[in-house]
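What follows draws every value from the coordinates through simple rules; no lab data is involved. In this text, all values refer to a predicted model and were calculated from it rather than measured experimentally. For neighbour counting, all protein chains shown are included, and Cβ atoms are generated from backbone atoms with ideal geometry for every residue, glycine included.
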Amino acid sequence: MDHWQKSSYSGEGDGNECVEISTSPTHVSIRDSKAPTRATLTLPTPAFTTFLDALKRTPETR
């Protein structure tokens with residue numbers, strides 16, 4: 001997995017970067033776009049889908 005896409009929530013310019021993902025048919029990898037050489041989190045595609053669904057159900061806290 002070497003094609004990384006920045007989150008649509010990341011804005012333009014410095015300081016607005018968020019996360020990037022890279023996908024394969026079986027896995028999704030996630031990394032910090034400000035520190036791309038650091039560790040990545042890789043999940044099987046079904047687990048990533050469950051993860052996203054859980055995030056959508058979680059209320060924001062600020």
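Maximal additional length on extending the Glu60-Lys6 stretch stands at 17.3 nm, based on 0.36 nm per residue less the C-alpha distance.
Protection proxy ranking for 53-60, 35-42, using the average of other Cβ atoms within 10 Å per residue and placing the highest first: 35-42, 53-60.
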